[in-house]
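The next block holds one structure in the form of structure tokens; read it before the comments.
The values are calculated or read from the model by the stated rules, or taken from the named source; none is laboratory data. The structure presented is a predicted model; accordingly, all values stated were derived computationally and were not measured. With ideal geometry, Cβ positions are generated from the backbone for all residues, glycine too; neighbour counts draw on all protein chains shown. Protein only, heavy atoms only, side chains kept; ligands, DNA and RNA dropped before computing areas. Shrake-Rupley method; radii C 1.70, N 1.55, O 1.52, S 1.80 Å.
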Amino acid sequence: MSTNTGQSQHQRITTALSRAEFESALRAKGTSYHIHHPFNVRLNTGQCAPAEVRTWIANRFYYQACIPRKDAAVMANMPDRAERRLWILRILDHDGHGDYEGDDAGGIESWIRLGEAAGLSRDTLTSLELVVPGVKFACDAYVNFARQVPWQEAVCSSLTEMFAPQIHKDRLASWPEHYPWIDPAGLSYFRSRIPLASRDVDHGLRVTLDYFKTAEQQQRALDILQFKLDILWCMLDAIELACAEANR
């Protein structure tokens with residue numbers, strides 16, 4: 001099982017950082033992002049067998065399905081209507097909006113199409129029969145965290161989106177070459193998330209930089225972001241283990 005080394009390298013904050021310094025410290029957490037996980041490296045360099053790719057897609061589907069539930073929990077704790085109006089866009093991004101067709105179908109539907117393009121049926125994905133306990137535990141922990149903490153802290157946890165565009169770009173660039181058996185039309189999820197992630201980061205950063213002011217608060221924010229990074233890392237640990245067990 002791999003180690004998320006970025007956690008141990010962080011120096012604790014003892015004096016409040018300026019707004020620019022605080023943002024820089026948050027962005028420095030990218031060293032712990034799961035783009036560096038050995039399984040993700042194998043996945044994006046064409047070293048995964050079809051069964052391993054399908055295992056990843058099936059397990060990440062549970063995460064996709066949990067995201068709007070997490071966002072609804074965050075919004076339920078928001079007393080400010082203006083903030084809710086911004087946050088609800090995230091739920092619609094995943095659950096769909098408008099006529100629920102084409103680009104309006106939402107991220108969950110796009111992920112199902114990715115699974116179908118890779119040879120997984122809709123029923124297999126939505127039944128969650130391939131989701132391993134470690135992935136379910138990690139995702140459920142994230143939803144529960146969002147329910148229980150102040151909404152600003154839950155917003156802070158979403159800042160892993162700062163690092164997401166690159167991982168999506170990597171998949172778009174490498175998967176057609178390494179996995180030609182996947183219908184390229186199924187990769188639309190990755191393409192759609194690049195601009196949406198940038199929009200979400202703008203909102204999340206504003207909330208975080210405005211709310212976490214003291215050294216203690218800023219340390220709390222960095223710990224929260226590390227918690228979310230660890231969730232994503234643990235998910236890949238569980239997926240990697242499941243693939244190793246299947247290959248025995």
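For Phe163, are the conditions met, namely being under 26 Å from Thr31 (Cα atoms), open to solvent by 30 Å² or more (accessible area, probe 1.4 Å) and either among the aromatic types (Phe, Trp, Tyr) or part of a helix (DSSP H, G or I) (or both)? Lay out the reasoning, then the answer.
Values: under 26 Å from Thr31 (Cα atoms): yes; open to solvent by 30 Å² or more (accessible area, probe 1.4 Å): no; either among the aromatic types (Phe, Trp, Tyr) or part of a helix (DSSP H, G or I) (or both): yes.
No.
Would you call Gly46 open to solvent by less than 50 Å² (accessible area, probe 1.4 Å) and at pLDDT below 95? Spelling it out, it is not the case that Gly46 is open to solvent by less than 50 Å² (accessible area, probe 1.4 Å) and at pLDDT below 95. Would you call Lys70 closer than 25 Å to Glu240 by Cβ, open to solvent by less than 50 Å² (accessible area, probe 1.4 Å) and part of a helix (DSSP H, G or I)? Yes, satisfied. Determine, yes or no, whether Ile194 is surrounded by 19 or more Cβ atoms within 10 Å (Cβ to Cβ) and not polar (S, T, N, Q). No, not satisfied. Could you check segment 200-224 and list, in sequence order, the residues that are farther than 16 Å from Gln11 by Cα, in contact (Cβ under 8 Å) with a residue 12 or more places away in the chain and within 17 Å of the chain's Cα centre (by Cα)? Result: Asp200, Val201, His203, Gly204, Leu205.
What single numbered condition from (1) over 22 Å from Arg27 (Cβ atoms); (2) crowded, with 19+ Cβ neighbours inside 10 Å fails to hold for Val155? Evaluating Val155 over (1) over 22 Å from Arg27 (Cβ atoms); (2) crowded, with 19+ Cβ neighbours inside 10 Å leaves (1) as the failure. Pairing each residue of segment 168-192 that is of a type in the set (Val, Ile, Thr) with any residue that is open to solvent by less than 50 Å² (accessible area, probe 1.4 Å), provided the two are 6+ apart or on different chains, yields C-beta distances under 6 Å for Ile182/Ala117; Ile182/Ala118.
I want to confirm something. Restricting to segment 93-113 and keeping residues that are small (Gly, Ala, Ser) and outside any helix (DSSP H, G or I), which single residue is nearest to the chain's Cα centre (by Cα)?
As a first pass, look at segment 93-113 and keep what is small (Gly, Ala, Ser): 96, 98, 102, 105-107, 110.
With the extra rule that they be outside any helix (DSSP H, G or I), the set shrinks to 96, 98, 106.
Working: Gly96: 18, Gly98: 24, Gly106: 15 Å.
Among those that are small (Gly, Ala, Ser) and outside any helix (DSSP H, G or I), it is Gly106.
Of these, Arg193, Arg248, Arg147, Arg171, which one is in a helix (DSSP H, G or I), more than 21 Å from His34 (Cα to Cα) and not acidic (Asp, Glu)? Talk me through it step by step, then tell me what you get.
Values: Arg193 fails: more than 21 Å from His34 (Cα to Cα); Arg248 fails: in a helix (DSSP H, G or I); Arg171 fails: more than 21 Å from His34 (Cα to Cα).
Every option except Arg147 fails the conditions.
If you check Leu196, Leu209, Leu172, Leu128, which single one turns out to be at pLDDT 95 or above, of a type outside the set (Asp, Glu) and touching an Asp or Glu at 6+ places or on another chain (Cβ under 7 Å)? Step by step, each of Leu196, Leu209, Leu172, Leu128 is checked, and only Leu209 is at pLDDT 95 or above, of a type outside the set (Asp, Glu) and touching an Asp or Glu at 6+ places or on another chain (Cβ under 7 Å).
Would you call Gly30 surrounded by fewer than 19 Cβ atoms within 10 Å (Cβ to Cβ) and over 28 Å from Arg113 (Cα atoms)? Don't jump to the end; show me each part of the working.
On the way: surrounded by fewer than 19 Cβ atoms within 10 Å (Cβ to Cβ): yes; over 28 Å from Arg113 (Cα atoms): yes.
Yes: the conditions hold for Gly30.
Would it be correct to say that Glu116 is of a type in the set (D, E, K, R), open to solvent by 40 Å² or more (accessible area, probe 1.4 Å), modelled with pLDDT of 95 or more and not in a helix (DSSP H, G or I)?
On the way: of a type in the set (D, E, K, R): yes; open to solvent by 40 Å² or more (accessible area, probe 1.4 Å): yes; modelled with pLDDT of 95 or more: yes; not in a helix (DSSP H, G or I): no.
Taking the combined requirement at face value, the residue does not satisfy it.
Checked against (1) outside any helix (DSSP H, G or I); (2) open to solvent by less than 40 Å² (accessible area, probe 1.4 Å), Leu130 passes all but a single condition, namely (2).
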